[in-house]
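Participant: Here it is, the structure, as structure tokens.
No value in this document is a laboratory result; all are computed from the given coordinates. These numbers were taken from a predicted model, which means no experiment stands behind them. Positions of Cβ are backbone-derived with ideal geometry, glycine not excepted, and every protein chain shown enters the neighbour counts.
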Amino acid sequence: MQIKTVWQRLKETSKPIVMYGMGDGAEKIMKVFGVLEIQPSAFMASDEFVRGQSFLGYKVHTLSQIQETYSDFIIVVCFGSSLPEVTSRLYDLDSRYELYAPDVPVTGGGLFDEKYLEENRDKLEQVRSLLADDFSRKVLDDIITYKLTGQIKYLRSCETPEEEAYSLLNLTHSEIYVDMGAYNGDTVEKFLSQTNGKFNQIYALEPDSRSFKKMLKRLEHLDSSVFHPINAAAWNENTTLKFQKSGSRSSSADNSYGRGKVIDIPAVSIDSVLGGSPATFMKLDVEGSEREALDGAAKTISTYKPKLLLSLYHRTEDLLDLPLKIMEMNGKYSLYLRHHPYIPAWDTNLYCI
């Protein structure tokens, strides 16, 4: 059965299209609309964010104002959230209206549409054959169906609590943990919670100076003999990169994304940081630079086979390309795919054991 994509549905509909949200996500979706000649009718936001605002030349309305204007309409979600109160609201709206959350890449170009899927059918089958359990294959199928249709019910059907997924890693009290994209230290704290504060060494890389300072403050209780904070990006070599500084999770070495100030920052390879020493667990959430970060850890991965937690949602190609890359680097891994509660399909991760 042929699936009608979200873009096909939005292009052919006669219903008013109401964009829900403002910001980078809305701008990305509007760029696709421009190419496909799709015209939205209005923008809306949650009541507390309206306050007479306008966005891209549209006055921003509340839902009640939209309801007064249109008897029936389509909602297009233009933002991302994992907050339970926000996702619950979106699922409630989805039960009452025709609602879509179109998949656009966090960084980079291209859409995961029917053309992309057909061109990469062989990769899809390779990835499916590599996944270690039936639930991983369900996650893969549901995420792909979501990406094609924009229907958030497919995200909900394959959710796994992050705590449950972490159990796949079977972390011990002697881990040598490398956190690539440590942000403000929240993922280091998560690691400490999982290991009851017992570990061997922690290396935490964060390129954004504001987030790095927050991490130092947050983790100031850790001893410098075992905690090694590094104010640099994880990359495939030791160099200097142009970096878009935002002080948020979206700080990125990809300067096509976001509105942050572009500055020069140091970048390092994990192989050079470790200098031939082992790692037992690596987390990579580096805003679209996962491929380069993996290349910079190639010797460590091929030699020591550390457990990996790898983000698969920043670029269109990540879902299929990164699992195949991991197995090329070390074919002894078992791969588990999990999606944690988030709309859109952010926080879709690969657990490599």
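Participant: If you put +1 on each Lys and Arg Cβ and -1 on each Asp and Glu Cβ, how big is the dipole of the chain around its Cα centre, in Debye rounded to 20? Before the final figure, lay out the partial values.
Facilitator: Working: 40 positive and 49 negative charges, 77 e Å.
My answer is approximately 360 debye.
Participant: Separate question: Expressed as cubic angstrom per residue, what is the convex hull volume of the alpha carbon set of the chain? Write out the running numbers ahead of the final one.
Facilitator: Values: hull volume 50.8 nm³, N = 353.
Convex hull volume per residue, Cα atoms: 144 Å³.
Participant: D for segment 162-352, whole µm²/s, Stokes-Einstein with Kirkwood Rh over alpha-carbon pairs at 10 °C and 1.306 mPa s: what number?
Facilitator: Value of D from the Cα-based Kirkwood radius: 96 µm²/s.
Participant: Same structure again: If you plug each phi of segment 46-63 into the Karplus form 6.51 cos²θ - 1.76 cosθ + 1.60 with θ = phi - 60°, what whole-Hz ³J(HN,Hα) values come out, in order, with x for Gly and Pro?
Facilitator: Karplus values, whole Hz, x for Gly and Pro: 4, 3, 6, 9, 6, 6, x, 6, 10, 8, 6, x, 9, 6, 8, 10, 8, 4.
Participant: So how compact is segment 6-156: Cα radius of gyration and Dmax in angstrom?
Facilitator: When restricted to Cα atoms, segment 6-156 yields Rg and Dmax of 16.6, 52 Å.
Participant: Sticking with this structure for a sec: Farthest toward the dipole's positive end in the chain, which of Leu337, Ser167, Thr239, given Cβ charges of +1 (Lys, Arg) and -1 (Asp, Glu) about the Cα centre?
Facilitator: My answer, from the dipole projection, is Thr239.
Participant: Pull out a ≥ b ≥ c, the square roots of the eigenvalues of the alpha-carbon gyration tensor of segment 94-181, then state rounded if a/c is under 1.5, prolate if not and a/b is larger than b/c, and oblate in the remaining case.
Facilitator: Values: a/c = 1.83, a/b = 1.50, b/c = 1.22.
Prolate, because a/c is 1.5 or more and a/b exceeds b/c.
Participant: Residue by residue through segment 293-306, which ³J(HN,Hα) values in whole Hz follow from phi under the Karplus form 6.51 cos²θ - 1.76 cosθ + 1.60 (θ = phi - 60°), with glycine and proline marked x?
Facilitator: 5, 5, 4, x, 10, 4, 5, 5, 5, 6, 7, 10, 6, x
Participant: Sort all Cα-Cα distances of segment 106-147 into consecutive 10 angstrom bins from zero, then give the percent of pairs in each bin up to the one containing the longest distance.
Facilitator: The calculated distribution, bin by bin, is 26, 52, 21, 0.
Participant: A further question on this structure: Return the long-range amide H neighbours of Met282 (sequence gap of 5 or more, or a different chain), with a cut-off of under 5 Å between placed amide H atoms.
Facilitator: Amide H to amide H, under 5 Å and 5 or more residues apart or across chains, Met282 pairs with Val178, Lys307, Leu308, Leu309.
Participant: Can I ask one more? Starting at the first residue of segment 115-123, write each ³J(HN,Hα) from the Karplus equation 6.51 cos²θ - 1.76 cosθ + 1.60 with θ = phi - 60°, in whole Hz, x for Gly and Pro.
Facilitator: Calculated HN-Hα couplings, in order: 5, 4, 5, 5, 5, 10, 4, 5, 4 Hz.
Participant: Straight-line reach from Lys4: which aspartates and glutamates fall under 19 Å, measuring Cα to Cα and dropping same-chain residues less than 8 apart?
Facilitator: Straight-distance partners of Lys4: Glu12, Glu37, Asp94, Glu98, Asp103, Asp113, Glu114, Glu118, Glu119, Asp141, Asp142.
Participant: Kindly provide the trypsin sites (Lys or Arg not before Pro) of segment 1-33 that DSSP labels as loop, not H, G, I, E or B, and whose Cβ sees at most 14 other Cβ atoms within 10 Å.
Facilitator: Details: sites: Lys4, Arg9, Lys11, Lys28, Lys31; in loops: Lys4.
For trypsin sites (Lys or Arg not before Pro) across segment 1-33 that sit outside H, G, I, E and B with at most 14 neighbouring Cβ atoms in 10 Å, the list reads Lys4.
Participant: Determine which lysines satisfy two conditions relative to Lys325: a Cα distance under 26 Å, and not lying fewer than 8 residues away in the same chain.
Facilitator: Lys115, Lys123, Lys138, Lys147, Lys242, Lys283, Lys299, Lys305, Lys307
Participant: OK, next. Tyr20's amide H: which non-local residues (gap 5+, or another chain) put their own amide H closer than 5 Å, with H modeled 1.01 Å from N in plane and none for Pro or chain starts?
Facilitator: Under 5 Å from the amide H of Tyr20 lie the amide H atoms of Met44, Val76, Val77, Cys78, each far enough along the sequence or on another chain.
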